Structures are given as structure tokens and as C-alpha cells.
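Below is one structure; the comments refer to it alone.
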Amino acid sequence: MSTVKISQLPALPSIAANTSNTLFLGVDIPTGVTGKFTATTLANQLYSNNSLIVGNSQILLPNTIGQFVSSGNSYVQMNMVNTNDNGTFDIVVTANTGNDSTYFFDAGLANKNYQAGLAFNNIGNAVNPLDGYVYVQGNTGTTPGGNLIIGTTTQNTSLKFIVGGGSSANIVAKMTSNSLVLNTQSYITFADGTKQSTAAAPNAYSQAAFALANTSVQNTANILLPGNVTFNGANTFFNSNIVTYGTMTTTGNVVTTGNLTATGPVIFNGNFTNNGNTINNGNTINNGNLTTTGNVSSVGTLTANGTSTFNGNTVFNGYVTVANNLTVDSTFTINVASQLLTMNGIIIIQSSTFSANSSGIRIDGSNNGIAQQTTASGTMLQVVGLDGGYATRVLLDNYSNGVTTAYPLIAGRAARGNSSVPAPVQTNDILMRIGGQGYGNTYTLLGGAAITSIALENYTDATKGSQINFETTPVGTNTRYTTVSVNTSVVTVNTNLNVANTIIPINGIINTVRSNSTSTLTINFTTDAIVQANLSAAFTVAPANFVAGKTIDVWLRNTSSGPGSTHTITHGVSALNSTVGATTFTLAGTQSAWLKYMCLDGTLANTFVAITYQ
């Protein structure tokens, strides 16, 4: 067996690319085993339990897994290059819960042929070829993490931003613990192209303006703005009175404690809250929400594109256009010649505390704008017509296009309980009333006429019986009575009924008076009720067209006088059915007789007559 010393083996100038094909000889001291191992095994195990140290030095800091040390006259560096023109080189630090797409820090550089948006990173097309980048990738949703913190942690230090070079002149901004300082050649550019390189006003001027805007704390001095004024601050607070004569434009929110009087146009691009009185003599445009606590008087056109809330009395002498909701808690008045209110949103007028002699809403067409007091609490709407003899009309126009369920409608909805928790209607509750009342010496609820709908039972969704009452007031009184009641079972008439000039009394009998002057009187049970006849000779009454239950009154007058003036009257029914016990009786001259006929069953045999005479 030949023996070769290790020192006699040929030297290897390099290790093969596949390090698993390179063998080493070694002795594992703990186990006492002599054996072979590959270069791959050596690489995998070399720093499993040791820190990586590059350079001649000892580990200086705790928990160090790698240390790179060198000595260079100018600088030392670690250089990493991705040799693929399309790729990037990235230094990635991953959290213990991270992966290739979440929770990692990435600092890298794109190569010359890098295609934005196609690379394997999370910043899309924000990076161009040969750009460097630093970013943090978190996770989606509401989970924590993903923030990037850049700064200093030592007092009296600053964070500097350089652009375009590495000299001090290229420091465009410096951030300290309490300020952001722009370099002299730097400026801020807004989205509309506007540039700001210095303060809007000198500090002394700004402080003076602030003190002036808050003068009401010490005194009652007003703010006078004779020219145009623009407030671009985030919020503007006026604690004293303001008078403007030029155009006033605000970008941020405006809150005023004193009165605001604007003679020129006013444009509020933010929310406007006025706790004092407001007088706008020019046009006003509110692009934000408008809230007023005091009274408002607007002479020009008011355009409100946000929500408008008026808590004081409001008078508009110009046109009013509201593109959103309008809420009024007090009196709302529009004094426009053509009386135009344009409303594209919802109008809510909330008022539950107005007095019993006023109305929640009044539409007034009178010349003097004075309305008579209402007669009872709960008048929600009062309409005052035009002076000069015009009808006060309320029109409900409907264009159905042939749809049978589309029509003009006036409806009343009644319930017990309240608006939050309605309760069913009960028997005799009024469902709706339409009434008419006239002025005597005052307006009262007495007298007049009404049509009243009432419930005839306790209501459910399946049981809703009803009745309509027609109520009128007798002449010489001021008390209404139910004249006619109508329901599905019966029509009740509580007064005389006039049908085609025929009076039907309450008992339903037709009292038509007919006169006769011939020697024979035919009475018709179908049409007659009262018949009067004069006679000067023998006279006959002939009943006809018998109707069961019908009565006829006949009044006879003997107009003869002197000798031979007594005449015989034949009454037309049997002697048994007459009170005189005969078919005839005699009537002296210048005397009258009352004959009352009654038909029992619609036949002559059961027709009776009662005769009264002297």
C-alpha cells in the first residue's frame, strides 16, 4: 500500500461549481470518527453555530450574527450586483410572520433594462430603470404594520432632504422636532399649479390680524373690510362684528360670534356657522353646510349647495336656491316679487312649539303680509290669498299617462298614539273633516258646515267600517248639526228633503198640495198627500191607485151660502170604514170638512176615512 502525505497532494486552484463534488478529509473530535465530507456540507455547517466574521477583529456588539471589518484610507464597502440587465438587487428584511409578499422591508436598485410594473416587487411602476428605492410591505385590511419610519432619535438633530446633488446647497428642506424649514430657493406647489415660497403675510401682520379678529374679547370694535378679501385658512373665527363691502371668499370653515353684514358677494367654500345675525345685501353662495343661530336677512340671491339649517328668523328678499336639505327651526320668510323658492332636496321645517294662534307654515299672498290668528292649536299650514277679490286656489295637478292608480288626492290619516308609535283608531274617532267657517266679528270654530268621516268600529287592517256625516248650522244659530249620515247600511236624513221642488219631511211622506174645484175629486194614493177642493153643489171623492200604508189629507170648503147651501158629500169608501157610519154626509154652507184617508193593504176594501166637520 502506497503512502502519500497530504502535503504531497497537488493543490486545487478552485472548487468546482457543484461543491457537492469536492471532498474533504476530516476528523470529528467529539465522535472520534475520521471521514470525508463535501464542500457543500462545510458551507452549510460552518456558521450554524458561529457568527460570520470578515476581517481581523473581534465581535464588538451583542447578538451579532455577522461582522465585516476592514481598514481603508477613504472608505470600505460591501458591493452587491445583479448581473441580469432586467433585474433588481434587493436587501430584504422579513418579519418572523412575513413571507415573500407581506411584512418585509426592501431597499434596492433597478438595473438598466428594468421594466416598471413587471418586476418581482410590490411597488409596481413607481420605479424606473436605474432608480433606487426603499419601502415597507405590510398586509391588507386593518392588520397592523406596514409603516415606514425615517428620522432621528437624538435631541437637537434634524432630518435633511437633498435633491440634485450632495452639497449643502442641495438641501431643499430640513425637518426638526417642531418645524419644517424650506431652503431659500424652494417652494410648495399645489395641485392647481399655485406656488408658495414664503408666508402669506409677515408674522407681525398675521399676529395683528389675529388680534383684530378677536377684539370682542377685550372690546366691541368691528372689522371693516372695504375691499375684496379672501380667507384661505383651514378655519376662520370672527368674535366681533364684520362688515364687508367687497367680495368675501372663504376656503376653510367660518365661525362667527358677532354679526356679519356683507354688502358685496359672499362665497363660502367651507362650512359656515353664524351665531350672530347675518345680513347679506349681495349674492351669497354656500358650497358647504350653512348653520345660523341668529336672524338672517338676505337681499341678493342665495345659493346653498350644502345642508342649510336656520335656527333664527330668516327673511330672503332675493331668489333662493337650495340644492340639498333645508331645515328651519323658526320663521322662514321669502319676500321676492315673483316669490320663487327652488328646492332640489328635502324641505324639513321642524317646529312643535309655535303658539295656538299661529301656524307652522304660512303662505301669504296679501299685500300687507298680515294674517288673522288661527282658531285652534295645531294649525300646521295657513294659506292667505291675494287681496283684490281673487279665489284662493290650491291645485293638485296629476298627469297619469293612463295609469288608473295615479290621480290628484286629498287624504287624511288618523291614528291614536303618536307619530313614533301609532295606535289603532277606535269607534267614533274622526278620520278626517273638511269644513267651512265664516268671519262674524271674529273667526271661531262655531257654526259653518263640515263633511266629517268617522270610524264605525275599532280598526284593524281587516276591519275599517266608516260613515260620512254632512253637518250644517240652522239659520239664527252657531251650532252645527248632523243633517245627513251615509254608510253602507243606511242613509239617515235628519231634516226635510227637497227633491225636484217636492218637500219630503223627516217622516218621508210627500206633502204635495193640490187644489180641485170640480164636482168630483179623484185622489191618487201614489202621488197625492194633501188635496184641497171647493164645492158649491153635491160633491164626490173617488179614491184611486191604492198604496199600502199611505195617507191622504183632503180639505173641503162649501162656498155656498143662504137657503139651499147645504150639500151632500160622498166620501168614496164603505160606511163601515168611515167615522160617519154612512157613505155620505152633509156639509152646511160656508163650512169646511177634513177627510183623512188611510190605505191599509193597497185595496179599496181596506181603505178608511176619518171625517171631521160641524
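The values are calculated or read from the model by the stated rules, or taken from the named source; none is laboratory data. Keep in mind it's a predicted model, so treat the numbers as computed, not measured. Here Cβ is always computed from backbone atoms with ideal geometry, including for glycine, and neighbour counts include all displayed protein chains.
Observations
- Thr590 on the phi > 0 side of the Ramachandran plot, exposed (fewer than 14 other Cβ atoms within 10 Å of the Cβ) and in a loop (DSSP other than H, G, I, E, B): yes
- Failed criterion for Leu456 (all others in (1) farther than 23 Å from Gly436 by Cβ; (2) exposed (fewer than 15 other Cβ atoms within 10 Å of the Cβ) hold): (2)
- In the stretch 151-166, the residue that is surrounded by the most Cβ atoms within 10 Å (Cβ to Cβ) out of those that are touching a helix residue (DSSP H, G or I) at 6+ places or on another chain (Cβ under 7 Å) and on the phi < 0 side of the Ramachandran plot is Ile162.
- With respect to the stated conditions, Ser71 fails to be at pLDDT below 85, part of a loop (DSSP other than H, G, I, E, B) and either over 30 Å from Leu23 (Cα atoms) or over 56 Å from the mean Cα position of the chain (by Cα) (or both).
- Residue within the stretch 58-66 that is under 30 Å from Asn128 (Cα atoms) and not β-branched (Val, Ile, Thr) present: no
- Being at negative phi and in contact with a Pro (Cβ under 9 Å, 6 or more places away or on another chain) is a property that does not hold for Ile569.
- For the stretch 427-446, taking the residues that are part of a loop (DSSP other than H, G, I, E, B) and touching a strand residue (DSSP E or B) at 6+ places or on another chain (Cβ under 7 Å), the one that is surrounded by the most Cβ atoms within 10 Å (Cβ to Cβ) is identified as Asp429.
- Meets criteria (within 28 Å of Ile65 (Cβ to Cβ) and of a type in the set (Val, Ile, Thr)) for Thr34: no
- Scanning the stretch 124-144 for residues that are hydrophobic (A, V, I, L, M, F, W, C) and farther than 22 Å from Asp85 by Cβ yields Val134, Val136.
- Test: Tyr133 is surrounded by 11 or more Cβ atoms within 10 Å (Cβ to Cβ), part of a loop (DSSP other than H, G, I, E, B) and among the hydroxyl-bearing types (Ser, Thr, Tyr): no
- Here Thr518 clears all of (1) surrounded by 16 or more Cβ atoms within 10 Å (Cβ to Cβ); (2) over 15 Å from Leu595 (Cα atoms); (3) among the β-branched types (Val, Ile, Thr) except the condition numbered (1).
- Subset of the stretch 18-34 (residues that are more than 15 Å from Ile6 (Cβ to Cβ) and either of a type outside the set (A, V, I, L, M) or surrounded by 10 or more Cβ atoms within 10 Å (Cβ to Cβ) (or both)): Asn18, Thr19, Ser20, Asn21, Thr22, Asp28, Pro30, Thr31, Gly32
- Residue check, Ile15 more than 60 Å from the chain's Cα centre (by Cα), surrounded by 10 or more Cβ atoms within 10 Å (Cβ to Cβ) and part of a strand (DSSP E or B): no
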